[in-house]
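The values are calculated or read from the model by the stated rules, or taken from the named source; none is laboratory data. From a predicted model like this one, the values you see are computed outputs, not experimental measurements. FYI the Cβ positions are ideal-geometry reconstructions off the backbone, even for glycines, and counts take in every protein chain you see.
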Amino acid sequence: MSRLVWESGRRIPMLRGENASEAKMEGNMKTWVRCSLLLLSALLVCLSGLVQAQEKTVKKAPIQSTSPASGEEMFKTYCAACHGKDAKGTGPATADLKTTPPDLTTLAKRHDGKFPEDYVTNVLRNGVKAPAHGSSDMPVWGPLFAKVSGEDQSIVNMRISNLVRYLESVQAK
């Protein structure tokens, strides 16, 4: 014996055993929900893997020796990959850094028109301490210069001084 039931504006015949049919539909729905959740979880795992794969990393390479007498040569060898050959913060490694390197040609402009020689010397020698002034992506050059200078502090001082003089020479007018 069947009866007609209205569902969504149409007649659907319901047979005896409709409770069994409803239970079967409910079981199918639970299975569908479980499969959907499983697929969604798998999708999220794949997406998180892609995000991690795209995480920015910078290759660290051994420091090359350059002439301590040339600030320009040292800048092009040690700094241009991040700060750019023009010192404007647009080097080829910029895309892989957490923080965009600053435009070094505007150091004087950002310090009331006076080139901050002591500040730049300190950053080169000891690294960046405050996050507002750059990131820890920048190497601490003092120990690296000591390494390529045979631990001779007079040569390290010459390197830093000549690099600072070069940076002062590229300031925007």
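Key figures for this structure:
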| read-out | value |
| --- | --- |
| Test: residue in segment 61-70 that is in the same structural domain as Val156 (by TED's automatic domain parsing), of a type in the set (A, V, I, L, M) and either within 22 Å of Lys173 (Cα to Cα) or surrounded by 14 or more Cβ atoms within 10 Å (Cβ to Cβ) (or both) | no |
| Cβ pairs under 7 Å, 6+ apart, first in segment 112-130 and in a loop (DSSP other than H, G, I, E, B), second at pLDDT 90 or above | Lys114/Ala108; Phe115/Leu107; Phe115/Ala108; Phe115/Glu168; Phe115/Gln171; Pro116/Leu107 |
| Boolean, Ala146 is crowded, with 18+ Cβ neighbours inside 10 Å and without any contact (Cβ under 8 Å) to a residue 40 or more places away in the chain | no |
| Test: Ala108 is assigned to a helix (DSSP H, G or I), surrounded by 14 or more Cβ atoms within 10 Å (Cβ to Cβ) and free of Cβ contacts under 8 Å to residues at least 60 places away in the same chain | no |
| Residues of segment 81-102 satisfying the condition of being over 18 Å from the mean Cα position of the chain (by Cα) and surrounded by 15 or more Cβ atoms within 10 Å (Cβ to Cβ) | Ala87, Lys88 |
| Selection within segment 119-131 - more than 16 Å from Tyr166 (Cβ to Cβ) and either polar (S, T, N, Q) or over 22 Å from the mean Cα position of the chain (by Cα) (or both) | Asn122, Asn126 |
| Residues (of a type in the set (D, E, K, R) and at pLDDT 90 or above) located in segment 73-109 | Glu73, Lys76, Lys85, Asp86, Lys88, Asp103, Lys109 |
| Selection status of Thr105, of a type in the set (Ser, Thr, Tyr) and touching a Ser or Thr at 6+ places or on another chain (Cβ under 9 Å) | no |
